[in-house]
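Enquirer: To start, I am sharing the structure in question, which I have written as structure tokens.
All of the numbers you see were taken from the coordinates with simple rules; none came from a lab. Bear in mind that the values here come from a model prediction, so they are computed numbers and not experimental data. Glycine gets a Cβ as well: all are built from the backbone with ideal geometry, and neighbour counts include every protein chain shown.
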Amino acid sequence: MGSGISQRYIDAPNWWDLLDQLSQMCTEIKRPVEYYGEEFSNPEIGTEFVGPYRDWAWNDKGIHNHFDERVFEEDGGKDKYLKYKVAELLRDLSPDSESDLPTEYESEIDSLKKISPSAVITTNYDTLLETVFPGFERMIGQDIYSSDSRKVGDLFKIHGGISDPNSIVLTQNDYKKFNEEKKYISAKLLTYFTEHPVLILGHSASDENIQKILYDLDRMIPTEENDLIDNIFLVDYKKDPSDLESRNELSHEELIDVGEGRRVRVNAIRAHNFEWIFDAFSQREEAMDEVEVNKIREFTDKIYDITTKNAPRRKLNFERLEYMSSDENLEKLLGFVPIDNPETVEGLRQAGIPIGEGEISTEPVEDINQRLNAATRDYTSNNSLIDRRKTILEFRKRISDLDLNQTKRDFLLRSSLRNSLQGADWMVGYGDDIQDELKQIIDDPELSKSVQQRLEYTALVLNNQDLLEYLHKNYYPDNGLLVGPRLTDLIDQPIEKRVARYGSGTNILFTEDEVTTSELIGNEEETERLLNICSDILIEEENSDDTPEPSNATDFRKLELVKIANNIDSL
């Protein structure tokens, strides 16, 4: 989805209008945007505005206070002042809830929601789509690379978003970096593009963003030149309904020049009103309408783990498989039609769902060590890891009650890394074998590339050049998430700078206290206090239906790196 959608529903500016507003707002910009447009492209204009916005922020500091004090304190490039104002502009336009959406398009937006897409991919910075698809998990920046493409209900903000202003792709350098990393995004998105119909909204056929993605897809998908990619549908918006002479001309094929002599043919739909298009894409059984996307995401994770990790190690029940092969029976098994005693675990087992078989039980257990022992046994026999961050954080809260040994630490460390944590609590006190263990984790093919990315920062904080060089020698540049050898250049820097290398700044944002990671170095008690608070926030987010705030998870990982730094002598 592109800017045309936000223009339609919340009257957001297009790129040129945004630059125009930025030029008028800043007292240090003396010429209209048209002046810059004669010489520069849009990203180049964004680059030209960086200096004036920085000057405006500092000249205005303490006088009119057009910039929040935290902007000056946060790490980030010189462009952070410009991006702060972009976020501020669009935040004022973004709806806080569904009730803020325009009544004029209420029916059309309802039809859009009923599509329940597997994923939403957008270049928009605003939060309109978070409001339209409240059950979807927002992915920005590094979260996109570490996300699992088999999941449903992800919202990929590939150009960043106002919830993290530093992530916004706006300047020439931003686009250079984005284009360098684009192939990894395209490879991830290829899964969606090949397995699902794709509806492109808010972009024109001449949009450079669409052309670049289609170029990558054309190279990845084996087709003859100019062959139709029949599952891609581009909506061609017509502002004037009279441009649509007859319904017979609403649908056609569009040949798009994507550069380097390559052209891609896709389905195109001309429309002034989108409701009928959304209705066509949302045709399905009524019983599916009320299924929450976040519940489906959790369920597919369970199914994936059972079929790829647990099932291959067990005997197959062919009678159950034959029973499940029926569409009607499968719907029953998945809970889309009533079953007897659906509220009991036994009722679900009788329905054919293997609850509790090879999984960590979610039933209450009085003794936290019994839970950990059961989970660890499953790990040693089936190599099964915890698949919910909440469970790990609950173990962490009771760490003083845990009867830990090396196997349990290994299990909890790997489970933490798998769930986008650093695993600091389980590293501390691990012993002399920690480097060998980290190398084994780095080499584990069942863990994602994002685990290697997290361990890259751990190695930097530990001042462990051997581990960094091992990681880079064996996995860089094949793993595009790794920073690479230039990170090794920081190995002799002070610990504060090594910790600060992670994330988009040293500030811990979830707390109202103005605290930085540098201030926490050497302060173990305060670090632990903040870790506990942030842990509770993450657990509460997972229990809630609201969209999680990505910066909270980033803050937790920052604090974990501080904890590693504070315990470096024991590692």
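Enquirer: Students often get this wrong, so check it: of Lys85/Lys212; Lys176/Lys449; Lys30/Lys212; Lys177/Lys439; Lys30/Lys78; Lys85/Lys497, which have C-alpha atoms separated by over 25 Å?
Expert: As for pairs spanning more than 25 Å Cα to Cα, those are Lys85/Lys212; Lys30/Lys212; Lys177/Lys439; Lys85/Lys497.
Enquirer: Could you please report the charge total around Gln406, scoring K, R as +1 and D, E as -1 over all other residues with beta-carbon less than 14 angstrom from its beta-carbon?
Expert: Counting the neighbours of Gln406, the net charge comes to -3.
Enquirer: Okay, next question. Across all directions of projection, what mean area in square nanometres is found for the Cα convex hull of region 1-118?
Expert: 9.7
Enquirer: Then there is this: Taking K and R as +1 and D and E as -1, what net charge do the other residues with C-beta under 14 Å from the C-beta of Phe274 add up to?
Expert: Its environment carries a net charge of -1.
Enquirer: Please compute the net charge surrounding Phe233, taking Lys and Arg as +1 and Asp and Glu as -1 over other residues with Cβ under 11 Å from its Cβ.
Expert: -4
Enquirer: I would also like to ask the following. Pop the C-beta distance of Asp92 and Asp536 into the FRET formula with R0 = 22 Å and round what comes out to the nearest 0.05.
Expert: 0.10
Enquirer: If we sort 54-66, 129-141 on the protection proxy, mean other Cβ atoms within 10 Å, highest first, what's the order?
Expert: 129-141, 54-66
Enquirer: Which is farthest toward the positive dipole end of region 421-490 among Gln440, Ser450, Leu467, measuring Cα position about the Cα centre, with Cβ charges +1 (Lys, Arg) and -1 (Asp, Glu)?
Expert: Ser450
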